[in-house]
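Asks: Please read through the structure below; I'll follow up with questions.
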Amino acid sequence: MAAPLSVLIVDDEPLARLRLRTLLGAVTQPALVIAGEAGSAEQAMALVRREPPDLLLLDVRMPGRGGLALAAALHELPRRPAVVFVSAHGEHALEAFDVEAVDYLTKPVRLQRLQAALERVAARRAPPPAPPAGPVLVVSERGRLRRVPLAELLYLRAEAKAVLLRTPAETIVLDETLAELEQRLGPGFVRIHRNAIVARAAVRALEPRDADEGWAVRIAPGDEWLAVSRRQLAAVREALGEG
């Protein structure tokens with residue numbers, strides 16, 4: 001049995017740290033222990049150097065050195081913890097994945113999203129899997145080629161000047177465009193929006209959200225919601241019905 005995941009909470013706001021500690025106490029999988037708390041990047045780095053945890057739940061904006069700078073500095077350590085950012089500001093997501101964050105959660109954090117992020121970190125600690133036996137998507141990530149099994153691909157989403165590829169274990173920032181990637185995907189995928197393509201098998205629901213947001217699909221695992229454009233709604237309904 002794998003050792004429990006050790007988690008260090010890093011946030012300059014005591015109430016935010018308390019909420020994360022409470023949420024962690026409600027997580028059922030994976031097994032975890034709270035290694036401690038830090039109110040600043042400097043305090044967190046001192047704790048990491050003394051006894052590296054498996055994971056930092058890290059705020060982005062803090063007085064002094066921020067979370068992004070701390071995550072970059074972790075790359076210099078011989079044993080680098082994984083990082084999941086927790087922030088009230090969603091605009092730093094691409095920068096977060098540039099420093100190889102496993103996930104980016106926005107406050108207020110929901111238990112389901114936190115648990116999904118922890119499961120991705122735990123999956124990274126597992127022994128390397130055997131080479132994929134099924135179809136793969138060959139993608140370009142920061143100039144290097146990677147083989148991603150199509151069975152693991154949950155969705156592709158264009159954001160700013162990059163495309164995010166999501167699997168149950170990680171988020172990969174790709175160098176290619178969504179249009180280029182779509183041409184290499186099979187019938188198991190459907191475009192739901194001009195900025196998103198999802199795996200049919202990953203969709204758990206298609207529901208109206210509200211008058212402003214329109215329709216959305218729920219992606220599992222992780223309970224993420226992605227918007228469906230009015231233009232694509234009929235095609236999405238048809239594709240999911242066929243599936």
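Asks: Any residue at all in the range 50-68 that's out of contact with any strand residue (DSSP E or B) (no Cβ under 9 Å at 6 or more places or on another chain), farther than 30 Å from Leu174 by Cβ and not small (Gly, Ala, Ser)?
Replies: First, the residues of the range 50-68 that are out of contact with any strand residue (DSSP E or B) (no Cβ under 9 Å at 6 or more places or on another chain): 50, 63-66.
Keeping just the survivors that are farther than 30 Å from Leu174 by Cβ gives 50, 63-64.
Those still in the list that are not small (Gly, Ala, Ser) too: 50, 63.
Among the residues of the range 50-68, at least one is out of contact with any strand residue (DSSP E or B) (no Cβ under 9 Å at 6 or more places or on another chain), farther than 30 Å from Leu174 by Cβ and not small (Gly, Ala, Ser), which makes the answer yes.
Asks: So, one more: Within the range 32-49, count every residue that is of a type in the set (Asp, Glu), in contact with a strand residue (DSSP E or B) (Cβ under 7 Å, 6 or more places away or on another chain) and either surrounded by fewer than 17 Cβ atoms within 10 Å (Cβ to Cβ) or at positive phi (or both). Quick ask: steps written out before the conclusion?
Replies: Residues of the range 32-49 that are of a type in the set (Asp, Glu), as a first pass: 37, 42.
Still in the running and in contact with a strand residue (DSSP E or B) (Cβ under 7 Å, 6 or more places away or on another chain): 37.
The next check asks that each one be either surrounded by fewer than 17 Cβ atoms within 10 Å (Cβ to Cβ) or at positive phi (or both); those that pass are none.
Within the range 32-49, residues that are of a type in the set (Asp, Glu), in contact with a strand residue (DSSP E or B) (Cβ under 7 Å, 6 or more places away or on another chain) and either surrounded by fewer than 17 Cβ atoms within 10 Å (Cβ to Cβ) or at positive phi (or both) number 0.
Asks: Among the helices (runs of 4 or more DSSP H) contained in the range 1-75, which hold 1 or more residues that are under 20 Å from Leu111 (Cβ atoms), without any contact (Cβ under 8 Å) to a residue 12 or more places away in the chain and out of contact with any helix residue (DSSP H, G or I) (no Cβ under 6 Å at 6 or more places or on another chain)?
Replies: Numbers: elements: 14-26, 41-50, 67-74.
Output list reads 14-26.
Asks: Another question, if that's okay. Quick one: is Gly214 assigned by TED's automatic domain parsing to the domain that holds Arg157, touching a residue at least 60 places away in the same chain (Cβ under 8 Å) and at positive phi? Give the derivation first.
Replies: Numbers: assigned by TED's automatic domain parsing to the domain that holds Arg157: yes; touching a residue at least 60 places away in the same chain (Cβ under 8 Å): no; at positive phi: yes.
It is false that Gly214 is assigned by TED's automatic domain parsing to the domain that holds Arg157, touching a residue at least 60 places away in the same chain (Cβ under 8 Å) and at positive phi.
Asks: Is one or more of the residues making up the range 81-95 among the charged types (D, E, K, R) and either touching a Gly at 6+ places or on another chain (Cβ under 6 Å) or part of a strand (DSSP E or B) (or both)?
Replies: no
Asks: May I ask you to list the residues in the range 82-120 that are touching a strand residue (DSSP E or B) at 6+ places or on another chain (Cβ under 6 Å) and of a type in the set (Gly, Ala, Ser)?
Replies: Ala82, Gly90, Ala93, Ala96, Ala101, Ala117
The values are calculated or read from the model by the stated rules, or taken from the named source; none is laboratory data. Nothing here was measured: the structure is a model prediction, and the numbers come from that model. Cβ: placed from backbone, ideal geometry, glycine included. Neighbour counts: every protein chain shown.
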